[in-house]
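K.L.:
Before anything else, here's the structure in question.
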Amino acid sequence: MPIYFVKSLEEDFATKTLKGKKKVVCQTVKEIVRTKTIKPNTKSFGRELRLACSILHKNYLKTYRPQGIIFQTADKPKYIFPFDLVVLSATNKIIVQYYRIKENLWAYYGNQLINGFERFIFKNFNEMVKIIFSPAIAWKRVNVFRKSHGYNALKKQKYKLVEYNEAIFYKPIRIKPIAVYGYRKETRKIAKRLGLPAFTSAKQFYLKQAAKPK
């Protein structure tokens with residue numbers, strides 16, 4: 001099965017970035033599809049500006065946000081994390097619901113990462129799923145790591161943060177747009193304007209592809 005990536009988008013179907021303490025539009029989905037390019041937009045945890053996407057896999061079908069764009073690319077990620085990078089942040093105050101932090105990202109993303117976080121860096125996705133092949137394994141390992149460094153284990157309510165992976169790029173990537181996803185009615189309207197199919201979720205898209213005759 002081909003490799004499909006996901007870039008989750010905010011409710012207005014755009015990526016955002018921080019300028020000082022203010023969140024501004026980086027790219028709209030229209031611009032992404034027109035240019036067939038996605039630019040780095042995330043600046044957090046003391047790391048350099050980067051693009052964080054997710055790779056769809058039978059065990060990794062959740063997404064950071066409930067809407068976004070599905071695409072393919074020949075560009076290779078610099079590395080892969082088996083979960084949301086926030087679970088490695090040096091704090092016990094980790095919030096799952098994006099709506100609770102989206103207006104205060106500058107403060108929330110100001111934390112550093114726990115020393116030794118590099119052990120969770122994988123060079124490619126196949127290498128990652130050989131070792132951490134499911135969210136359950138990721139959950140167990142990250143909690144052991146956090147506790148060994150003096151931080152609280154994550155509570156069950158935060159399990160969502162290990163249900164998708166993060167593929168990291170440091171440069172703009174060239175893409176082939178495949179589809180958009182989102183549960184709201186306007187998703188279909190946006191998809192029609194872009195000339196792309198629409199799905200209610202990335203999971204629905206993946207399962208449909210997996211069911212096709214080989």
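The values are calculated or read from the model by the stated rules, or taken from the named source; none is laboratory data. This structure is a prediction, so every number in the text was calculated from the model and none was measured. As a convention, Cβ positions derive from the backbone with ideal geometry for all residues, glycine included, and neighbour counts pool all protein chains shown.
K.L.:
Residue under question is residue 56, and the condition is that it be within 15 Å of residue 171 (Cα to Cα) and within 11 Å of the chain's Cα centre (by Cα); does it hold?
P.N.:
When the stated conditions are applied, residue 56 does not pass them.
K.L.:
Right, here's the next one. Pick from segment 116-167 the residues that are crowded, with 17+ Cβ neighbours inside 10 Å and assigned to a loop (DSSP other than H, G, I, E, B): which of them is farthest from the chain's Cα centre (by Cα)?
P.N.:
Across segment 116-167, the extreme among qualifying residues is 151.
K.L.:
Can you tell me how many residues in segment 63-92 are in a loop (DSSP other than H, G, I, E, B), surrounded by 19 or more Cβ atoms within 10 Å (Cβ to Cβ) and either aromatic (Phe, Trp, Tyr) or at pLDDT below 95 (or both)?
P.N.:
3
K.L.:
Another question about this same structure. If you check every pair at least six apart or on different chains, which have Cβ atoms under 6 Å apart with a residue in segment 1-13 that is closer than 22 Å to residue 186 by Cα first and a residue that is assigned to a loop (DSSP other than H, G, I, E, B) and modelled with pLDDT under 95 second?
P.N.:
Filtered contacts from segment 1-13: 8/64; 8/65.
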